[in-house]
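Asks: Below is the structure I would like to discuss, written out as structure tokens.
The values are calculated or read from the model by the stated rules, or taken from the named source; none is laboratory data. Not measured: the values here are computed from a predicted model. Heads up, the Cβs are rebuilt from the backbone with ideal geometry, glycines too, and the neighbour counts pull from every protein chain shown. SASA here: full protein model, heavy atoms, side chains in, ligands and nucleic acids out. Shrake-Rupley method; radii C 1.70, N 1.55, O 1.52, S 1.80 Å.
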Amino acid sequence: MFKPKSPKTADVWSKDASSAGASAAVTPSALTYVGAGSELRGDLRAAGNLRIDGAIFGTVQVDGDLEVSSTGVIEGEQVSAVNVLVHGRIKAKVHAAEQLRIHGQGRVEGDVTAQSLDIEAGAHFIGYSRTGVEPQAEVLQLDHAENPGAEDEARAEPED
């Protein structure tokens, strides 16, 4: 009696299709992959997780976790991610919001900040490291509004 409707195919070049794709949210579990033999020159920002088997020459910013495989290389100014797992080589400043782990043959050259740093036997680390929660600096604020004339009186020189 009723015919099932066939699914509509979207024209990827139409305005409606492009606006629908742009509004789709990227899930935190999304994976960006740079394959072995691939080389990227420039800055990279990944919304989810990132695995590198190739080489990246530039700044890398990852909203999720970063894994550099044994064939992976990053050389740049800065690398930042939630967790960083290194089997290959990173030559940059590294900021891990949670954990930086350098495995067996992994190599990190550069200053590191992370909540925790784990360097396995055989791994190489050259640089300065800062781990744990960074204490908040206490800032003293002087409130002169309570007694505005007191400061002027304290500065006044006694008259002869």
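Asks: Which residues, taken from the stretch 44-53, are assigned to a loop (DSSP other than H, G, I, E, B) and over 14 Å from the mean Cα position of the chain (by Cα)? Let's see the steps before the verdict.
Replies: Narrowing the stretch 44-53 to residues assigned to a loop (DSSP other than H, G, I, E, B): 47-48, 53.
Listed by number, the list holds a single entry, Asp53.
Asks: Right, here's the next one. Would it be correct to say that Ser116 is crowded, with 17+ Cβ neighbours inside 10 Å and touching a strand residue (DSSP E or B) at 6+ places or on another chain (Cβ under 7 Å)? Before you say what the answer is, go through the steps one by one.
Replies: Values: crowded, with 17+ Cβ neighbours inside 10 Å: no; touching a strand residue (DSSP E or B) at 6+ places or on another chain (Cβ under 7 Å): yes.
Here the answer is no, as Ser116 does not meet what is asked.
Asks: Something else now. For the stretch 122-160, enumerate the residues that are part of a loop (DSSP other than H, G, I, E, B), open to solvent by 100 Å² or more (accessible area, probe 1.4 Å) and either closer than 20 Å to Ser80 by Cα or at pLDDT 95 or above (or both).
Replies: Tyr128, Val133, Glu134
Asks: Next question. Any idea which of (1) over 19 Å from Gly58 (Cβ atoms); (2) crowded, with 17+ Cβ neighbours inside 10 Å is the one Arg89 doesn't satisfy?
Replies: Of everything listed in (1) over 19 Å from Gly58 (Cβ atoms); (2) crowded, with 17+ Cβ neighbours inside 10 Å, Arg89 misses just condition (1).
Asks: For the stretch 18-43, enumerate the residues that are of a type in the set (A, V, I, L, M), assigned to a loop (DSSP other than H, G, I, E, B) and at pLDDT 90 or above. Write out each step before concluding.
Replies: Taking the stretch 18-43 first, the residues of a type in the set (A, V, I, L, M) are 20, 22, 24-26, 30-31, 34, 36, 40.
Restricting the remaining residues to those that are assigned to a loop (DSSP other than H, G, I, E, B) gives 24-26, 30, 36.
Ala36, the sole residue that qualifies.
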